[in-house]
Amino acid sequence: MAGAAPTTAFGQAVIGPPGSGKTTYCLGMSEFLRALGRRVAVVNLDPANEGLPYECAVDVGELVGLGDVMDALQLGPNGGLLYCMEYLEANLDWLRAKLDPLRGHYFLFDCPGQVELCTHHGALRSIFSQMTQWDLRLTAVHLVDSHYCTDPAKFISVLCTSLATMLHVELPHVNLLSKMDLIEHYGKLAFNLDYYTEVLDLSYLLDHLASDPFFRHYRQLNEKLVQLIEDYSLVSFIPLNIQDKESIQRVLQAVDKANGYCFGVQEQRSLEAMMSAAMGADFHFSSTLGLQEKYLVPSEQSVEQEAMQL
């Protein structure tokens, strides 16, 4: 009807470092959502993304191509990608014209993997901010490789990057540990899985780092980084194996709660489910234990023996 208010749309902005599984996540999540009966539109915002495995409703490559930018401006891949995002920011009318006919769909935005776009560069944040003004409620879904948990130094680095991303992007945020089925391919975890997902007392990681001669010299720096992370107390993770439907369901519940989809009228919602989301009465401890038994090799040592070694 003419003059009617635009329909509120919901979606996910899928971000994360290169190789963290963003495109694979968009494929798996889109198939899962369609199985639930949702109409899904996947939007590729990464000009460097070639050979997309999913059906793409909107492709930023139609507006600007990374190869053309690199050739014309003599830029490298990173500089060219930053230019592409700035070009998209300056031509948001093109993006809105593409999205408006898709109102009523659930959006998945496959974003570029350059870390600086989500930590300090302003183009992507500006694009997200403008889309929220179009009555598009987004949740930032930040993927990082789960195998970083096997290295205390890398895990602290991931925590710092995740925190910087949460503060910079300014969207409801869900952090994921992707590729859970490969978590111990690069080494064993020093603690139980819930230590990493809930980001518990990080002083224990400092003790692990102190055992390394290289990091022993940087203990004060690591202590300040850990203190910063704990002062904000914002970062936590949800484990994800994109091939496991139960894992995808847990992620979707967190995303729907973050962007408000679970309170909408798009699907029938029970009072119990809505109250659980409102009160935060969804406990993941048992599910985390189940994932640990599923993907982690049990330790042959007791907790006391591991503590003595530490």
- Using mean Cβ contacts within 10 Å as the protection proxy, how do 42-55, 101-114 order, highest first? 101-114, 42-55
- Item | Gyration tensor (alpha-carbon) shape descriptor, region 138-245, a/c threshold 1.5 | oblate
- Pop the C-beta distance of Glu170 and Thr24 into the FRET formula with R0 = 30 Å and round what comes out to the nearest 0.05. 0.70
- Query: Beyond 27 Å, what share of the Cα-Cα pairs of region 7-259 remains, rounded to the nearest whole percent?
  - Reply: 39 percent
- Note on the structure: Charge tally for neighbours of Thr150 with beta carbon under 11 Å away, counting Lys, Arg as +1 and Asp, Glu as -1, is -1
- Residues of type aspartates and glutamates that Lys179 reaches as a straight line, Cα spacing below 15 Å, ignoring anything fewer than 8 places off in the same chain: Asp145, Asp244, Glu246
- If you find the alpha carbon centre of region 8-25 and of region 148-219, how far apart are they in angstrom? 20 Å
- Note on the structure: Here D for region 10-129, in µm²/s, from Stokes-Einstein with a Kirkwood Rh over Cα pairs at 4 °C and 1.567 mPa s, works out to 88 µm²/s
- Note on the structure: Links exceeding 28 Å between C-alpha atoms in this model, out of Lys22/Lys98; Lys188/Lys224; Lys22/Lys245; Lys224/Lys257; Lys22/Lys154, come to Lys224/Lys257
- Query: Between Gln130 and Leu102, how many nm apart are label points set 7 Å from Cα along the C-beta direction?
  - Reply: 1.6 nm
- Query: With the other protein chains left in place, how much accessible area per residue, in square angstrom, belongs to region 78-226 at a 1.4 angstrom probe?
  - Reply: 43 Å²
- What nm distance separates the two modelled labels at His185 and Glu246, each placed 7 Å from Cα along Cα→Cβ? 2.2 nm
- Per residue, what volume in Å³ does the Cα convex hull of region 124-179 take up? 69 Å³
- Burial ranking of peptide ranges 168-178, 86-96, 187-197 (average Cβ count within 10 Å, highest at the top): 168-178, 187-197, 86-96
- Among DSSP beta bridges whose residues both lie in region 7-259, state the antiparallel percentage, nearest 5. 0 percent
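The values are calculated or read from the model by the stated rules, or taken from the named source; none is laboratory data. Note that the structure is a prediction, hence the values are computed from the model and not measured. Cβ atoms come from the backbone with ideal geometry, glycine included; neighbour counts cover every protein chain shown. SASA here: full protein model, heavy atoms, side chains in, ligands and nucleic acids out. Shrake-Rupley method; radii C 1.70, N 1.55, O 1.52, S 1.80 Å.
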